[in-house]
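Comments concern the structure below.
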């Protein structure tokens with residue numbers, strides 16, 4: 001487990017500072033669910049997505065185009081704001097800077113949660129799932145006094161949904177699907193002109 005996360009304390013609050021640090025990360029992957037949502041809500045942005053082989057996942061993945069000349073900023077970022085916010089923001093971005101880490105994963109990695117760590121138990125498809133809410137150390141929007149209180153259950157559910165949707169992309173012809181949606185979006189946009 002990367003050393004970029006820390007345990008989220010009970011009572012932690014979050015208020016986005018619009019610093020866009022999260023939009024400059026390397027691992028922002030888009031699921032088929034996200035792709036279809038973007039296609040329906042904002043077809044012009046479907047052209048800002050690429051398909052490539054990820055060494056991390058050892059398979060083909062979808063991601064926003066990132067320009068090294070622009071400090072690796074996400075192609076959906078304009079004026080330090082996500083153009084997809086509120087209409088088709090990808091699942092992984094919706095929960096950032098937080099994530100839900102399974103209790104077993106915490107133990108396997110030798111991590112010792114503090115007593116005040118935000119622990120969640122959720123039930124998913126008849127199974128009890130226990131874990132901890134963790135957050136990116138570098139996010140300036142996480143504090144104990146400003147913003148809305150962190151909803152651990154919501155983060156856990158979004159993390160699980162993102163993971164399940166990400167698994168659905170396995171063994172899919174992502175390049176073919178992306179090309180097809182880009183072709184259809186081009187036709188749609190030409191029709192609207």
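The values are calculated or read from the model by the stated rules, or taken from the named source; none is laboratory data. These numbers were taken from a predicted model, which means no experiment stands behind them. Reconstructed Cβ throughout: ideal geometry from the backbone, glycine too, with neighbour counts over all protein chains shown.
The table that follows gives values for the structure above.
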quantity: Filter result for residue 33 (crowded, with 18+ Cβ neighbours inside 10 Å, under 25 Å from residue 152 (Cα atoms) and at pLDDT 85 or above); calculated: no
quantity: Identity of the residue in the range 130-158, out of contact with any helix residue (DSSP H, G or I) (no Cβ under 7 Å at 6 or more places or on another chain) and assigned to a strand (DSSP E or B), that ends up surrounded by the fewest Cβ atoms within 10 Å (Cβ to Cβ); calculated: 148
quantity: Pairs with Cβ under 9 Å, 6+ apart, first in the range 117-132 and without any contact (Cβ under 8 Å) to a residue 24 or more places away in the chain, second exposed (fewer than 12 other Cβ atoms within 10 Å of the Cβ); calculated: 121/128
quantity: Unmet criterion (only one of (1) more than 25 Å from residue 61 (Cα to Cα); (2) within 23 Å of the chain's Cα centre (by Cα); (3) surrounded by 12 or more Cβ atoms within 10 Å (Cβ to Cβ)) for residue 161; calculated: (1)
quantity: Residue 192 being under 30 Å from residue 50 (Cα atoms), free of Cβ contacts under 8 Å to residues at least 40 places away in the same chain, loosely packed, with under 12 Cβ neighbours inside 10 Å and under 19 Å from the mean Cα position of the chain (by Cα); calculated: no
quantity: Qualifying residues in the range 161-172 (those that are touching a helix residue (DSSP H, G or I) at 6+ places or on another chain (Cβ under 9 Å) and not in a helix (DSSP H, G or I)) - the one farthest from residue 124 (Cα to Cα); calculated: 172
quantity: Residue check for residue 24: modelled with pLDDT under 80 and either under 30 Å from residue 119 (Cα atoms) or buried (at least 17 other Cβ atoms within 10 Å of the Cβ) (or both); calculated: yes
quantity: Failed condition for residue 74, given (1) closer than 21 Å to residue 13 by Cβ; (2) touching a strand residue (DSSP E or B) at 6+ places or on another chain (Cβ under 6 Å); (3) at pLDDT below 90; calculated: (1)
quantity: Filtered residue count, the range 5-23, keeping only those that are part of a loop (DSSP other than H, G, I, E, B), within 13 Å of residue 142 (Cβ to Cβ) and in contact with a strand residue (DSSP E or B) (Cβ under 8 Å, 6 or more places away or on another chain); calculated: 4
quantity: Residue match in the range 93-101 (condition: surrounded by fewer than 17 Cβ atoms within 10 Å (Cβ to Cβ) and within 21 Å of residue 3 (Cβ to Cβ)); calculated: no
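Table: residues versus (1) closer than 23 Å to residue 174 by Cα; (2) within 15 Å of the chain's Cα centre (by Cα); (3) at pLDDT below 85; (4) part of a loop (DSSP other than H, G, I, E, B).
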residue	(1), (2), (3), (4)
3	no, no, yes, yes
47	yes, no, no, no
51	yes, no, yes, no
84	yes, yes, no, yes
89	yes, yes, no, yes
94	yes, yes, no, no
99	no, yes, no, no
